[in-house]
Amino acid sequence: MSSHSVRSMVFRFALVCLVLSVPSMADPGPSDPFLWLEEVDGERALDWVAERNAKTKATLTKDAGFATLEKQLLELYNDDSRIAYPSLQGDHVYNFWKDENNQRGIWRRASLASYLKTDEPRWEVLLDVDALGAAEGEKWVWKGADCLAPDYQRCLLFLSPGGGDASEVREFDIATKSFVKDGFTLPVAKSRITWVDRDTVLVGTDYGPDSMSTAGYPIEMRRWSRGTALAEAPVTFRGEQTDAFMWAATMHTPSRSYTMIQRYMTFYDFEVHVIEGDEWIKLDIPSDADATFFRDQLVLELRQDWTVGGATHVGGTLLAIDYARFLDGKRDFAVLVEPEDRVSIDSVIPTGEQLLVSLLDNVRNELFQFTLAEGTWQREAVETPGLGRLGVVSTDDQGAGYFYIYEDFLVPDTLFYADGASMRKVDSLPAYFDAAPLESVQYEATSKDGTKVPYFVVHRKDMKLDGRNPTVLYGYGGFEVSLRPAYSSVVGMAWLAEGGVYVRANIRGGGEFGAEWHRAALKENRQRAYDDFLAVAEDLIARKITSPDHLGIRGGSNGGLLVGVAFTQRPDLFDAVVCAVPLLDMKRYDQLLAGASWEGEYGDPEDPAQWAYIRRYSPYHNVKSSKEVDYPRVLFTTSTRDDRVHPGHARKMAALMESLGHDYLYWENVEGGHAGASTNEQSAFREALVYTYLRERLTPPPVVDRSTAPSGE
């Protein structure tokens, strides 16, 4: 997601199976023989999952190194020297923490002074999720908190049974460390709720028929006052059932608070409404422009060219205007940032005193502070350790303070605090692997249509270009998500330290070079993202960094679709595929859970013209018989409780491949939601499965020097 707008809060965003005779080019269509696997908790489906889980567990855990790797990963996840990432609220920082003794976590806070001045802040535990679950007999998974400014004494807590997106909402009192009796509460649903004031909230939830979009999100917002029944709360705003979803939020600045509703007709076509008095005002801005507020300024990030106020501003420009003047019809915007070649806006985040703008320059971050004094904007670069990934962690919405991190592939996360005039290092991750023998390099591959596609390679400095290096290529390529250089202790410990090569591809569909890079791979142009990914794979092979026998690919969610397309289109390039929480059946994706909200990305499979191009890449509709094609042994991972991307995608793809004679591995965690795991133990086990699989598939056998072997050997 590319700004601190409401949109950025959205989302920017598994054999009891009947083996049937199917054609060699499988197109399940309306007679899909595996529809029963879409019954998430169906007895037959869960039996199928249990059998395949058992096979995968038996296959991979017997590896001699599995137990050691799982133990190392669990120690890493539970390590007390990890950074306790702060959420800055008033004069406190809040943090959610998991470790060996708190498997589902504790929500806690410390004073800002304590957090900044001591190695071990004086934490005050507010809620123990493990204890809550034990008392209530529920496997609660923490999903966050929304605390009411400016005193932050009342919070709305989000708790999910099993880790899905659907959560229960409860009002919590900080002073008493307890839930508020007869406070604002909502049953489990994909609710949208925000504070208006201490006694009023805006609520979108499942009110019954016609209150949810076809994608399963609220389209009706009610103004709910304390002490009244939700059913009696008046409807204040309503969208259409064909909408993707709706979001409500309140932004607090030193000038005023802004309560907003963002109505998404599609994922990329939306309206921003701000309440003024008793009236909702629809902002007269482009329907794909991100909007945020900085003090008394409306700030817009454009995605396409916009002619307004006698000037044409190109897509990728950042504009600002006094909000009162905007409401009066003035359109004399100040230009804060204009796009440059391979330079784009990564994030726009306000504090109480400055506007923080992070730019991506050839996929490396730079951070700038913008301040406004007497009507003039000033821009100042923030000094950072290097050209890697910068991320603003939390800001003070009333003052100048903010936390940010720096990291790259070989430098662990380092947390800094700035308050406008000064900056200091607060904490850093330990070095979980030895980076001294390693280096990271950026290359470019040439895609099918001639587009230059950058990618990063992390490898040993003494790597031989002999095509034998075990290599994992990771990609995403969708929803304007940018893959930047980032430190991964898991990748480092489990893969790089063992001599593996790690590759991250910046393919189209992502946001690395702005909205145009994303739009280039939308809908009918989706194949471009896959061509880019395949071009990177071919470039790695051409450079003799690796070869098909030693090249694996990994992706999750939209990235799961990416690797699903890659191995069905070019199985000759890979010998390992980790396909996590994936979309794969692109004929039915819009009918499963949140899928309908993604038609702006992929297209509408119910439209024959659009299905014609979706059908060409849909992995589930392009699997061939083992008599025709030899696919690598794919590892599918998903979660029973994923209520965003339906586990039926992975289940059905595995079942179809089995029916056509292909071998595979399958792991479905019983909880964890779209993240695939709810506890550190579950994460460690899953990652141990993944890296054991990759090692077994991609690590070449030792080279035997036969020149010194005894005769006859």
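Miscellaneous remarks
- Beyond 24 Å in Cα-Cα separation lie the following of the pairs LYS55/LYS652; LYS139/LYS181; LYS448/LYS544; LYS98/LYS177; LYS143/LYS652: LYS143/LYS652.
- For segment 468-527: rounded, prolate or oblate by the Cα gyration tensor [a/c cutoff 1.5]: prolate
- Taking segment 575-627 and dividing mean pair separation by its residue count, relative contact order in percent (alpha carbons under 8 Å, at least six apart): 36 percent
- Charge context of ALA535, other residues only, Cβ under 12 angstrom, K/R +1, D/E -1: -1
- Segment 472-542 and segment 177-207: distance between their alpha carbon centers, rounded to Å: 39 Å
- The residues packed around VAL180, meaning those with a beta-carbon under 13 Å from its beta-carbon, carry a net charge of +2 if Lys and Arg are +1 and Asp and Glu are -1.
- At a probe radius of 1.4 angstrom, the accessible area of segment 403-541 per residue rounds to 35 square angstrom.
- Relative contact order (%) - criterion: Cα under 8 Å, at least six apart; region: segment 583-713: 22 percent
- Each Lys and Arg contributes +1 and each Asp and Glu -1, all at the Cβ; summed about the Cα centre of segment 520-649, the dipole is approximately 240 debye.
- The relative contact order of segment 489-617 comes to 19 percent, based on Cα pairs under 8 Å that sit 6 or more residues apart.
- Sites GLU606 and ALA436 - FRET efficiency at Förster radius 60 Å, r taken between beta-carbons, to 0.05: 0.60
- For the pair segment 622-644 and segment 430-447, the centres of their Cα atoms are 29 angstrom apart.
- Across all directions, the average projected area of the convex hull around the alpha carbons of segment 18-148 is 14.3 nm².
- Neighbours of GLY352, meaning other residues whose beta-carbon lies under 13 angstrom from its beta-carbon, give a summed charge of -3 when Lys and Arg score +1 and Asp and Glu score -1.
- By the helix-only formula, in which each DSSP H run with n ≥ 4 contributes -39500 (n - 2.57) and the sum is divided by residues, the chain has a 222 nm mean residue ellipticity of -5500 deg cm²/dmol.
- Magnitude of the charge dipole, the chain, Cβ model with Lys/Arg +1 and Asp/Glu -1, debye to 20: 1020 debye
- Candidate lysines - alpha carbon under 16 Å from LYS282, same-chain residues fewer than 8 apart omitted: LYS330
- Surface composition of the chain: carbon plus sulfur atoms hold 48% of the accessible area, using a 1.4 angstrom probe and ignoring ligands, DNA and RNA.
- Accessible area (Å², per residue) of segment 299-402, counting only protein heavy atoms and a probe of 1.4 Å: 43 Å²
- Read-out Rg/Rh (Cα atoms, Kirkwood Rh), derived from the coordinates shown; its label in (1) 0.96; (2) 1.06; (3) 1.12: (1)
The values are calculated or read from the model by the stated rules, or taken from the named source; none is laboratory data. In this text, all values refer to a predicted model and were calculated from it rather than measured experimentally. All Cβ positions, even for glycine, are placed from backbone atoms using ideal geometry, and neighbour counts span all protein chains on display. To get the accessible areas, we keep the full protein, side chains included, count just its heavy atoms, and leave off ligands, DNA and RNA. Shrake-Rupley method; radii C 1.70, N 1.55, O 1.52, S 1.80 Å.
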